[in-house]
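Take a look at the structure set out below.
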Amino acid sequence: MAEKVKQKDFSVNTILGPSSTVYGDVVVGGFTRVDGNLYGDLNVKGRIVIGEKARLKSNVAGSFITIGGVVYGNIMASECLIILSTGLVLGDILTRRIQADDGCMLHGKIVVCKDEYSWQHAFAEYQDAQLVKQVLAKGVTASKDVSGYDKS
């Protein structure tokens, strides 16, 4: 009896259209495409496609990530990251594989892990760094009043 081959699901779960702007963190359980603006972290359990017109000021996490637009923030791709010729990344990258097309622009630290041990170690460091940034950000905002002036 022939074995059933498990097919990958490429149906898009969430689309942020070109005239959309979202302020706040977004968590999605499947394939996500962003063509608009996002000001908040994007955390996807699956594939992410960031279109040419997309502008993100956020940390991006997913399995397979393709970037054609602008991302100002860190990227964590657990499987593969592809940066197209129209892509611009201003932030650190952590992935297992990377492909950067001719003409793309990158500014930040890039860590590519080939084995599981390296990945687990780098991923733990990434999570620790994110936690420290969150704690520091909360400490800074707690010491300022609504007008932005320091209370101390």
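The values are calculated or read from the model by the stated rules, or taken from the named source; none is laboratory data. Here the structure is a predicted model, which is why all the values come from computation and not from measurement. Reconstructed Cβ throughout: ideal geometry from the backbone, glycine too, with neighbour counts over all protein chains shown.
Below are the figures for this structure:
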{"read-out": "Count - residues of region 94-107 that are touching an Asp or Glu at 6+ places or on another chain (Cβ under 8 Å), in a loop (DSSP other than H, G, I, E, B) and surrounded by 17 or more Cβ atoms within 10 Å (Cβ to Cβ)", "value": "1"}
{"read-out": "Cross-chain or 6+ apart pairs with Cβ under 8 Å, region 77-96 first and closer than 24 Å to residue 120 by Cβ, then among the polar types (S, T, N, Q) and part of a loop (DSSP other than H, G, I, E, B)", "value": "91/59; 91/74; 92/74; 93/74; 94/74"}
{"read-out": "Residue tally, condition at pLDDT 95 or above and of a type in the set (Val, Ile, Thr), over region 23-33", "value": "0"}
{"read-out": "Given (1) crowded, with 19+ Cβ neighbours inside 10 Å; (2) modelled with pLDDT of 95 or more, index of the condition residue 58 fails", "value": "(2)"}
{"read-out": "Candidate set: region 37-52, residues that are within 7 Å of residue 69 (Cβ to Cβ) and touching a strand residue (DSSP E or B) at 6+ places or on another chain (Cβ under 9 Å); chosen: the one surrounded by the most Cβ atoms within 10 Å (Cβ to Cβ)", "value": "50"}
{"read-out": "So residue 125, is it under 13 Å from the mean Cα position of the chain (by Cα) and either over 24 Å from residue 15 (Cα atoms) or not small (Gly, Ala, Ser) (or both)", "value": "no"}
{"read-out": "Cβ pairs under 6 Å, 6+ apart, first in region 48-73 and touching a residue at least 60 places away in the same chain (Cβ under 8 Å), second surrounded by 24 or more Cβ atoms within 10 Å (Cβ to Cβ) and of a type in the set (D, E, K, R)", "value": "none"}
{"read-out": "Residue in region 115-136 that is among the hydroxyl-bearing types (Ser, Thr, Tyr) and in contact (Cβ under 8 Å) with a residue 24 or more places away in the chain present", "value": "yes"}
{"read-out": "Test: residue in region 108-118 that is touching a strand residue (DSSP E or B) at 6+ places or on another chain (Cβ under 8 Å), surrounded by fewer than 12 Cβ atoms within 10 Å (Cβ to Cβ) and at pLDDT 90 or above", "value": "yes"}
